[in-house]
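Enquirer: The structure under discussion is supplied below as structure tokens; questions concerning it will follow.
The values are calculated or read from the model by the stated rules, or taken from the named source; none is laboratory data. The shown structure was predicted, so the numbers you read here are calculated from the model rather than taken from an experiment. In this analysis, Cβ positions are derived from the backbone assuming ideal geometry, glycine residues included, and neighbour counts consider all displayed protein chains.
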Amino acid sequence: MNKRSFYALPSADLLPNRWDVLAILLVVGLIMLFAWAGSHMTLPFHLGQQPKITLDPSALPLYALQTVVRMFIALALSFVFTFVVATAAAKSARAGKIIIPLIDILQSVPILGYLSITVTGFIALFPGSMLGPACAAIFAVFVSQVWNMTLSFYQSLTTIPGELHEATQVYQLSPWQRFWRLEVPFAMPGLLWNAMMSMSGGWFFIVAAEAISVANQNIMLPGIGSYIALAIDHKDLVAITYAIIAMLVVILLYDQVFFRPLIAWSSKFRLTDMPDDSAESWLLTLLQRTRILQHVGDAIGQVADSIVNTPLLRRRKAPPPTQHLMADAPPSLLSNVLWYCLLIVCLGISIRLIWHFIYRQLPISDTWHVILLGAYTGIRVFVLIVLCSVIWVPVGIWVGMRPKVAQKIQPLAQFIASFPANLFFPLAVFVMVMWHLNFEIWCAPLMILGTQWYILFNVIAGASGIPKEIKLAAQNMQLHGWLKWKRFLLPSIFPYYVTGAITAAGGAWNASIVAEIINWGHHTLIAQGLGSYITLNTTQGHFAKIALGVVVMCLWVIVINLLVWRPLYKHAQNRYGV
Amino acid sequence: MQALLDIQNISKSFKTQDGQGLKVIDNVNFTMQEGEIVALLGKSGSGKSTLLRIIAGLIAPSDGQVMYRNQKVNAPVPGISMVFQSFALMPWLTVLENVELGLEAQGIPRKIRREQALKAIDMIGMDGFENAYPKELSGGMRQRVGFARALVIKPDVLLMDEPFSALDVLTAENLRNDLMEIWQETEQDSMKGILFVTHNIEEAVLVADRILVFGSNPGFIRGELKVELPTERNTQDPAFQKLIDEVYRLMTSSEDQRRRSKKTETKAIGLDYRLPDVRVAELIGLLEQVDELQELGPVDLPDLAEEVRLDIDNLFPVLEACSILGLAKVDQGDITMTAKARALLEADITKKKELIAKQLIKHIPLAKYIVDTLHDRSAERASEERFHKVLEEYFTEDEAERVLTTMIDWGRYAELFAYDYDTGLLSLEDVA
């Protein structure tokens, strides 16, 4: 599996096994639980005095800074979660069996769905303070990156070369030392790549999460997201332009000062000796050559050293039996019984909650209606993926076949992909209102606006990876026209294309929650679909309906993954994988 | 002298699908004395590397025990260090940091471990490269770091798993000589014995004081050979050549005797036979070579190995395939072609395929089983999973996959059946 893919597909099997089914039930139960808790909160809630947001451009740097701080808190939390959960899943076969399918399902839940359903809970945790909404926004960014990172780390942990692992055992490293000397470094390139890519996607969600309407109350956290929301309320095109410029600067800094240096630095952890030209950063080179910073680096090394080798966590005289030896001994009967009891209790609660919601709270006709709305959104996603493919596949191939152009375009495409497309929504609405366009149709391009780039840069990556000799052979045989596309170009980029399309489709489902319903001053444009259903019910505070909407969207995504993307992905790997 | 290592009745089975267990090591016993260098010689898949890992405490044996200085080994022991085939260096650590790793684990303070590591790096001839990353180094240099890492913790016993097999001939020889020098210097104070695994006969005779020849399926010690040569050994020495001949004899002859004595019913092989990993072209290529050399009677295996430039890992599977298909007799270090093989060499391509098909059906139960199954089906088709399942009763999943892939390759060549990659179906259609 390509480490640099954005969207992880861990299980290769086409049919869900019993653990997947269990995971679906548990996740649905969890969503219902949140909704149930949310519906029991006192409404309307009290936030105390909300800070006033101004459209004064001089306030923008401070807003941007606050947004960035939220992003980094979420990133730090994601790392902690990843280290703990993925390690647990990799070390205990029993835990891994349920954790991995669970995460697989959790990443199919729409990100803004998490936000809709948890925001009241967070507000209740910190009554009368803006800390609640802030936590909710951070949580939304957290869930947009953590599943990817956990799966990536888990995958690395399970693919550590056997001899490296044996070496750490022969040389008596303690589990703690092994974690920092072998496991984390080995996973670093994949983990950082995933974290950085997810963080790119995170800008979209933080912008959406900073200004949210819950239960007929508008909450605005100081940040770029609420600045733009206010600008929309005031129909202020100039302020929107300021916000876009501020965001561009933030993302440019993020890209050059954070993302590129880290990726370049992480290339030292790669196992292969192949140089990777994409992994270069002027800033990192500068830092590494600065004398003072070298001393700083040494000091950090000393500190890291004393943490890794802390006597507390060093191997004791009598070493505990090793992994291999333990693998032969089955876990004790008692712990088995306890484990399965725990699972059964969780399952029971989930089923009880699902029952309660589907049959008590809502008429069954609602469920059918919501499934139908999901179909509308699904059709939009499908049509747009096809249209974008028709446009971007040839462009991507053209670019990818020209290494010099690709080198310039590729970072640009990644940069554009990380720009939160929802900043452009107001401009689009302005145009639609002016020209009286049908929003049912024209909301679709908005859904794909931010994620189409994944198709482009995956195809570019694929086309630039075509072996030179195959290119020469194709030229030598004078392949041209349709034959060249059918036998040479399309098959060689197909696995990359599928990865890109999966990511784009996943992103489009997520975006539907903000793209199918848009405000412009007093105008509200609504398109029939699952996204607008979730948003409308969030605004009105119908928790049962939010839960239903989120669950149905999650199930649609899972079913489409199962029926379309997984088979395609598997076929691509088998037939066209190099 | 004290027994350094005592290997007692070691057996090892890996789990298969039906829980029966695939035996890879069968009742191995030997002891290693202080001051000895012992070689475990055998072809790949004979379980010798697994045995080495059991001795290192990395894998638990299914039966028996390993005693290290009268202490039972059930986890890695501080006195035993190991050198790996693929070097197993951490790519993100510099040479110095890699060598320090074992000292770090012992909790030696940063300053002292740095000193000791630098000394070890110096001893192995790598000074000047302390700050290099492994990816900057050539294979030979990397393995030097592997040695420095193993030696810096002052091991009592050094285990080596094919330490030179990833290196080219010249580099391997250079490193081997340096290691022998270090051995002679340190034998007195710290390192008391070396146990290494190899598939290179010459290497075993060059380095070891004693060679344990390993047989496969499942792995067992087929024979033992004392090397009573001076420390400075010369490959051209007649005594050296005699030992090499002796090793080949051991590797080819005693197996049949042992098999016969052990289980009398093993005249015919069954579905549980592990097809050697050999392509038909290799088989015919080898026979052609034997044919050229054969004018003076049976061909000596060392001569053949020299001629075809194959080490035993590559040579022995082909020999096994020849003999199982009734194309050659391999015994006492010699190979003789049968009349069938002669007919095969003289035939044209179509005829060759027919002959191979006939031998496959006659000698390989799996081939016959597949063809019979396909005949019984009304559509004359069956999925590969079906046969995979059958093989999984005898083998681990990976081994079943390998055996089936080899069988499909042979079957396609001989046009016994056809196979479609996309659908995974075996069928009799398209077979001329």
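Enquirer: When you go through A:ILE466, A:ILE470, A:ILE416 one by one, which is the residue that is among the aliphatic types (A, V, I, L, M) and within 23 Å of A:MET197 (Cα to Cα)?
Expert: Values: A:ILE466 fails: within 23 Å of A:MET197 (Cα to Cα); A:ILE470 fails: within 23 Å of A:MET197 (Cα to Cα).
Going through A:ILE466, A:ILE470, A:ILE416 in turn, just one is among the aliphatic types (A, V, I, L, M) and within 23 Å of A:MET197 (Cα to Cα): A:ILE416.
Enquirer: Ok, one more. In segment B:307-318, how many are charged (D, E, K, R) and either over 19 Å from the mean Cα position of the chain (by Cα) or surrounded by 20 or more Cβ atoms within 10 Å (Cβ to Cβ) (or both)? Before you say what the answer is, go through the steps one by one.
Expert: From segment B:307-318, those charged (D, E, K, R) are B:307, B:309, B:311, B:313; that's our starting set.
Right, trim to either over 19 Å from the mean Cα position of the chain (by Cα) or surrounded by 20 or more Cβ atoms within 10 Å (Cβ to Cβ) (or both) and you get B:307.
Residues meeting the conditions: 1.
Enquirer: Taking only pairs six or more apart or across chains, which ones have beta-carbon atoms under 7 Å, a first residue in segment B:134-156 that is more than 10 Å from chain A (Cβ to nearest Cβ), and a second residue that is of a type in the set (Lys, Arg)?
Expert: Pairs found: B:ASP156/B:LYS192.
Enquirer: I'm trying to understand the selection: among the residues of segment A:528-552, which are surrounded by fewer than 24 Cβ atoms within 10 Å (Cβ to Cβ) and touching a strand residue (DSSP E or B) at 6+ places or on another chain (Cβ under 7 Å)?
Expert: A:LEU536, A:THR539, A:GLY541
Enquirer: Something else: Could you please tell me which pairs satisfy a Cβ distance under 7 Å, a separation of 6+ or placement on different chains, a first residue in segment B:106-121 that is more than 10 Å from chain A (Cβ to nearest Cβ), and a second residue that is loosely packed, with under 15 Cβ neighbours inside 10 Å?
Expert: From segment B:106-121, the pairs are B:ILE121/B:ASP127.
Enquirer: Against the condition of a type in the set (A, V, I, L, M), buried (at least 22 other Cβ atoms within 10 Å of the Cβ) and either within 14 Å of another protein chain (Cβ to nearest Cβ) or not in a helix (DSSP H, G or I) (or both), how does A:LEU173 come out, does it pass? Let's see the steps before the verdict.
Expert: Numbers: of a type in the set (A, V, I, L, M): yes; buried (at least 22 other Cβ atoms within 10 Å of the Cβ): yes; either within 14 Å of another protein chain (Cβ to nearest Cβ) or not in a helix (DSSP H, G or I) (or both): yes.
Yes, satisfied.
Enquirer: Right, here's the next one. Which of the residues spanning segment A:567-578 are surrounded by fewer than 19 Cβ atoms within 10 Å (Cβ to Cβ) and away from chain B (no Cβ under 14 Å)?
Expert: Once the filter is applied, which keeps residues that are surrounded by fewer than 19 Cβ atoms within 10 Å (Cβ to Cβ) and away from chain B (no Cβ under 14 Å), segment A:567-578 yields A:LEU568, A:VAL578.
Enquirer: If we scan segment B:48-68, do we find a residue that is in contact with a strand residue (DSSP E or B) (Cβ under 6 Å, 6 or more places away or on another chain), more than 14 Å from every other protein chain (Cβ to nearest Cβ) and among the β-branched types (Val, Ile, Thr)?
Expert: No, segment B:48-68 has no match at all.
Enquirer: Among the residues of segment B:163-215, how many are surrounded by fewer than 21 Cβ atoms within 10 Å (Cβ to Cβ) and within 15 Å of the chain's Cα centre (by Cα)?
Expert: 4
Enquirer: Go through (1) away from chain B (no Cβ under 14 Å); (2) outside any helix (DSSP H, G or I); (3) in contact (Cβ under 8 Å) with a residue 40 or more places away in the chain; (4) not aliphatic (A, V, I, L, M) one by one and return the number of the condition A:ASN218 breaks.
Expert: (3)
Enquirer: When only residues in segment A:247-283 that are more than 23 Å from the chain's Cα centre (by Cα), surrounded by 17 or more Cβ atoms within 10 Å (Cβ to Cβ) and of a type outside the set (S, T, N, Q) count, which is modelled with the lowest pLDDT? Full working, then the answer.
Expert: Taking segment A:247-283 and keeping what is more than 23 Å from the chain's Cα centre (by Cα), we get A:268-277, A:280-283.
With the extra rule that they be surrounded by 17 or more Cβ atoms within 10 Å (Cβ to Cβ), the set shrinks to A:269-270, A:281.
Applying the additional criterion that residues be of a type outside the set (S, T, N, Q) yields A:269-270.
On the way: A:PHE269: 82, A:ARG270: 78.
Ranking the candidates gives A:ARG270 first.
Enquirer: Taking segment B:279-303 only, how many residues are surrounded by fewer than 20 Cβ atoms within 10 Å (Cβ to Cβ) and under 25 Å from B:TRP410 (Cβ atoms)?
Expert: Filtering segment B:279-303 down to residues surrounded by fewer than 20 Cβ atoms within 10 Å (Cβ to Cβ) leaves B:279-282, B:284-285, B:288-289, B:291-298, B:300, B:302-303.
Among the residues that remain, those that are also under 25 Å from B:TRP410 (Cβ atoms) are: B:279-282, B:284-285, B:288-289, B:291-292, B:294.
The number of residues fulfilling the criteria is 11.
Enquirer: Please tell me if B:SER81 is within 14 Å of chain A (Cβ to nearest Cβ) and either of a type in the set (S, T, N, Q) or farther than 28 Å from B:VAL145 by Cβ (or both).
Expert: yes
Enquirer: If A:ARG380 meets every condition in (1) basic (Lys, Arg); (2) loosely packed, with under 14 Cβ neighbours inside 10 Å; (3) within 18 Å of A:TRP509 (Cβ to Cβ) apart from one, which number is that one?
Expert: Just one mismatch for A:ARG380, condition (2).
Enquirer: Also, quick follow-up: Return the only residue of A:GLY121, A:GLY113 being assigned to a helix (DSSP H, G or I), of a type in the set (Gly, Ala, Ser) and within 23 Å of A:TRP565 (Cβ to Cβ). I'd like the intermediate steps shown before the answer.
Expert: Details: A:GLY121 fails: within 23 Å of A:TRP565 (Cβ to Cβ).
Checking each option against the conditions leaves just A:GLY113.
Enquirer: With the condition kept exactly as written, say whether any residue in segment B:123-132 is within 11 Å of another protein chain (Cβ to nearest Cβ) and crowded, with 21+ Cβ neighbours inside 10 Å.
Expert: Kept after step one, since they are within 11 Å of another protein chain (Cβ to nearest Cβ), are these residues of segment B:123-132: none.
No, that holds for no residue.
Enquirer: Kindly check whether there is at least one residue in segment A:140-156 that is within 14 Å of another protein chain (Cβ to nearest Cβ) and either among the aliphatic types (A, V, I, L, M) or surrounded by fewer than 24 Cβ atoms within 10 Å (Cβ to Cβ) (or both). Don't jump to the end; show me each part of the working.
Expert: Start the filter on segment A:140-156 by keeping residues that are within 14 Å of another protein chain (Cβ to nearest Cβ), which leaves A:156.
Okay, now just the ones that are also either among the aliphatic types (A, V, I, L, M) or surrounded by fewer than 24 Cβ atoms within 10 Å (Cβ to Cβ) (or both), so A:156.
Scanning segment A:140-156, I find at least one residue that is within 14 Å of another protein chain (Cβ to nearest Cβ) and either among the aliphatic types (A, V, I, L, M) or surrounded by fewer than 24 Cβ atoms within 10 Å (Cβ to Cβ) (or both), so the answer is yes.
Enquirer: Now for a separate question. Out of the residues in segment B:71-114 that are modelled with pLDDT of 90 or more and at positive phi, which is surrounded by the fewest Cβ atoms within 10 Å (Cβ to Cβ)?
Expert: The qualifying residue surrounded by the fewest Cβ atoms within 10 Å (Cβ to Cβ) is B:ALA88.
Enquirer: What single numbered condition from (1) outside any strand (DSSP E or B); (2) more than 20 Å from the chain's Cα centre (by Cα) fails to hold for B:VAL66?
Expert: The failed condition is (1).
Enquirer: Take the residues in segment A:157-170 that are within 13 Å of another protein chain (Cβ to nearest Cβ) and under 28 Å from the mean Cα position of the chain (by Cα), then tell me which one is farthest from A:LEU192 (Cα to Cα). Break it down stepwise before answering.
Expert: Initial filter on segment A:157-170 (within 13 Å of another protein chain (Cβ to nearest Cβ)): A:160-170.
From what's left, under 28 Å from the mean Cα position of the chain (by Cα): A:160-161.
Working: A:ILE160: 17, A:PRO161: 20 Å.
Across segment A:157-170, the extreme among qualifying residues is A:PRO161.
Enquirer: Inspect all residues belonging to segment B:363-372 and state whether any of them is assigned to a loop (DSSP other than H, G, I, E, B) and either more than 14 Å from chain A (Cβ to nearest Cβ) or closer than 30 Å to B:PHE14 by Cα (or both).
Expert: In the first step, residues of segment B:363-372 are kept if they are assigned to a loop (DSSP other than H, G, I, E, B); the result is B:364.
This time we only want the ones that are either more than 14 Å from chain A (Cβ to nearest Cβ) or closer than 30 Å to B:PHE14 by Cα (or both), so: B:364.
There is at least one residue in segment B:363-372 that is assigned to a loop (DSSP other than H, G, I, E, B) and either more than 14 Å from chain A (Cβ to nearest Cβ) or closer than 30 Å to B:PHE14 by Cα (or both).
Enquirer: Still on this structure, I have one more. Would you check if B:MET32 is assigned by TED's automatic domain parsing to the domain that holds B:ALA204, in contact with a Gly (Cβ under 7 Å, 6 or more places away or on another chain), of a type in the set (A, V, I, L, M, F, W, C) and outside any loop (DSSP other than H, G, I, E, B)?
Expert: Numbers: assigned by TED's automatic domain parsing to the domain that holds B:ALA204: yes; in contact with a Gly (Cβ under 7 Å, 6 or more places away or on another chain): yes; of a type in the set (A, V, I, L, M, F, W, C): yes; outside any loop (DSSP other than H, G, I, E, B): yes.
Considered against the rule, which asks whether it is assigned by TED's automatic domain parsing to the domain that holds B:ALA204, in contact with a Gly (Cβ under 7 Å, 6 or more places away or on another chain), of a type in the set (A, V, I, L, M, F, W, C) and outside any loop (DSSP other than H, G, I, E, B), B:MET32 comes out as yes.
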